[in-house]
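Read through the structure below, which is laid out as structure tokens, and then see the notes.
The values are calculated or read from the model by the stated rules, or taken from the named source; none is laboratory data. What you see is a predicted model; the values in this text were computed from it and never measured. So basically every Cβ, Gly included, is an ideal-geometry build from the backbone, and we count neighbours across all protein chains shown.
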């Protein structure tokens, strides 16, 4: 297999996203990178599910972690009888896919596929662990190839000497975009909104862009209007945890307010990803409410007085009216024509 992660930054090498080997799954802890480079080692699928829930990995990372978690589940039960294997893997598929509520339907597509592969392997007398590992590795490789195509369409929307504004960590599509920028020599500057409270934009997106040689600037989340007005931004882009079929985008909290400001200042917003048939509209999406304490502290240090309350909706909903285009591996679609993706 020719690996599609050649030429991308450290964060997105396969072994640093989530990787099964020798009865464990290793996940780079994105909660603390690049302050420290540490890995969470999971020795059971339940530990993988907990790592997903606890945001050890974010963006597209949980999907790879779930696929690798199914490999680990198969390893845990590989010496049991068929009934025990079947029951164990079915439970693992559910728990891994429902580790975070907002993306559970999309995650089910991965774990259900893994479960089906495992059942076929059992029926054919094949090594279940190896078959699931093959699926997990091929899945991440094919995902990178898909987002390489997506990135090429976004690349075409960026002018020479262009400036793009990002939100959160759009992971693979950004890596492939930066790779293409390097290959073509196009001069592009990246402005990264920090993305409170986990600072994925500052820690992850900015680290990736800087490592891959792009001119990179971090702004605080309350500097977005200033950046759009004074820093010559050509387009705003983000990934999406869910793109509903009516064109709504569910992404990291703060995306909607940036899209609103982009609309006001005449800066186009291009979201990357693929529409999900599992979600007809934003009404079908449950917004995950995370621990408010994560808003009240930073890297373990409390930043408010006792008694002060917090609130932490992990995602917000950006309506289709604020989106210039949905950038997919099949081209750029208008928010009201997403069914074309499946035709």
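Observations on the model:
- Residue check for residue 225: over 18 Å from the mean Cα position of the chain (by Cα) and either more than 20 Å from residue 312 (Cα to Cα) or modelled with pLDDT of 95 or more (or both): yes
- Per the listing 121, 175, 151, the residue uniquely in the same structural domain as residue 33 (by TED's automatic domain parsing) and modelled with pLDDT of 95 or more is 121.
- Filter pass, residue 99 being under 30 Å from residue 250 (Cβ atoms), in the same structural domain as residue 17 (by TED's automatic domain parsing), in a helix (DSSP H, G or I) and in contact (Cβ under 8 Å) with a residue 12 or more places away in the chain: no
- Residues that are under 17 Å from residue 112 (Cα atoms) and either in contact (Cβ under 8 Å) with a residue 40 or more places away in the chain or not in a helix (DSSP H, G or I) (or both), drawn from the range 76-89: 85
- Restricting 169, 178 to residues that are part of a loop (DSSP other than H, G, I, E, B) and touching a helix residue (DSSP H, G or I) at 6+ places or on another chain (Cβ under 8 Å) narrows the list to 169.
- Exclusive hit being touching a residue at least 12 places away in the same chain (Cβ under 8 Å), in a loop (DSSP other than H, G, I, E, B) and within 28 Å of residue 33 (Cα to Cα), set 304, 311, 286: 311
- Lone unmet requirement of (1) modelled with pLDDT of 95 or more; (2) over 18 Å from the mean Cα position of the chain (by Cα); (3) closer than 22 Å to residue 149 by Cβ for residue 343: (1)
- Qualifying residue in the range 188-204 (condition: assigned by TED's automatic domain parsing to the domain that holds residue 324, more than 25 Å from residue 55 (Cα to Cα), over 18 Å from the mean Cα position of the chain (by Cα) and not in a loop (DSSP other than H, G, I, E, B)): yes
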